[in-house]
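Okay, structure first, notes after.
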Amino acid sequence: MARTARMARSARIELGKGGLWTHRLQGGPLLLSCTAGSVWVTREGDPDDVVLEAGSSYGGAGRGLLVVEALEPAQIAVAAGEAGKTVRAALDRARGSWLVLLSLAAVYLIWGSTYFAMAVALETLPPFLLAGARFTVAGALLYGALRLRGAPRPTPRQWGAAARVGVLLLVCGNGFVVVAQQWVSSGVAAVVVSTVPLWVALITTVQGARGARGASTAGSAGAAVSRGEWVGLLVGFAGAALLHAGGALHAEHAGALLILLAPVSWALGSVYSRSLPLPEGPMAVAAEMLAGGAVMLGISALSGEHLAGGASARSLLALGYLAVFGSIVGLSAYTFLLRNTRPAIATSYAYVNPIVAISLGIWLGGERASAATWAAAAIIGVGVVIVSRARPGR
């Protein structure tokens, strides 16, 4: 239900999940604070949307329509004419923008390099043992550091939510990639995974359609897929089809086809995580890695994986890089982006990672990339850009 208010000196507004509050700025300063829950703030003329969680603020000035949407039951406090607070809010927003940029750089470059690191680690380590050790070690290190800093233990309910996300993101999303990379090059794996934003767009479209059908009882409305988003989806999946038609996904072992399920699982986990009662901040990442890593170590034991001739120093170094940078740094940055930006921005790493992965595979691993692989990467990248820049439907 939308609310449009004439601005008094100050106001406190309660919003149910999916509720809207709008205000027409008339040129003066305005300070909007989220005191409970989380809200999505959009201002006419400003290309960047902002997600505010409890305790954070947004400073606006100038003219244009300001729209606030509650991502969950929320309360906002709005004050007009308080210039000093507006300046502080602007500084907080600038700090948040830098954190967003640093997080994007981390998932762009670090995750692009993890495909080559996985190829190196797989030289002497079996896939689920590799992935399970990676996330268990990374999760334990991050969990221990957070507990020493005073972070609370996750509740049983939060552990359950973290386990569900960990299975989707890590066991299926990452685990399928590791298994498939025994037969698929690191560059091709990165190109297939780059379809994640397209799957996210499809999943959120289905959610929007269900929300629209249940709006009369749930009190919220879903967003239909726009024409621009449909164009992006068609372009992106055409690139994936070219990758298959060009022979890059033709493999002797059926396990290579698991790579096709990895981006679907990762997209499901990314969207699903936004509505689950996960622990606060980095503790969510630690819990997801511990849960997902434990499941993968169990799969490794049940499938009879073992070290035939011992792990090489080269593979162990790659495992260390994957645990510290690919898992702790990369997943923490990705979780921050999921909670503070739109899903299209958080998953935009997908059209940079293939370029990094293919380049490193050629430069350091002696891999070859066919013209079809490069063309598919470019086409998928164009599709992802179109989806991320398209305005959502009503």
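Read-outs throughout are calculated quantities, based only on the coordinates presented, and are distinct from any laboratory measurement. In this text the structure is predicted, and so the values were computed from the model without any measurement. So basically every Cβ, Gly included, is an ideal-geometry build from the backbone, and we count neighbours across all protein chains shown.
Summary table
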{"quantity": "Peptides 306-319, 257-270 ordered by average Cβ neighbours within 10 Å, highest first", "calculated": "257-270, 306-319"}
{"quantity": "Estimated FRET transfer efficiency (ARG389, ILE362; beta-carbon r; R0 30 Å; 0.05)", "calculated": "0.50"}
{"quantity": "Kirkwood-based Rg to Rh ratio, the stretch 272-357, C-alpha trace", "calculated": "1.04"}
{"quantity": "Label-point gap, in nm, between ALA105 and GLU53 - each point 7 angstrom along Cα→Cβ", "calculated": "2.2"}
{"quantity": "FRET efficiency, ARG147 to GLN207 (Cβ-Cβ, R0 41 Å, nearest 0.05)", "calculated": "0.75"}
{"quantity": "Virtual spin-label span in nm between SER275 and THR155, 7 Å along Cα→Cβ", "calculated": "2.0"}
{"quantity": "Extension gain, ALA378 back to TRP230 (0.36 nm per residue minus Cα-Cα distance, nm)", "calculated": "51.5 nm"}
{"quantity": "Over the stretch 124-187: Rg over Rh, Cα atoms, Kirkwood Rh", "calculated": "1.08"}
{"quantity": "Label zone at LEU307 (point 7 Å along Cα-to-Cβ), backbone N below 20 Å, the stretch 99-130", "calculated": "117-130"}
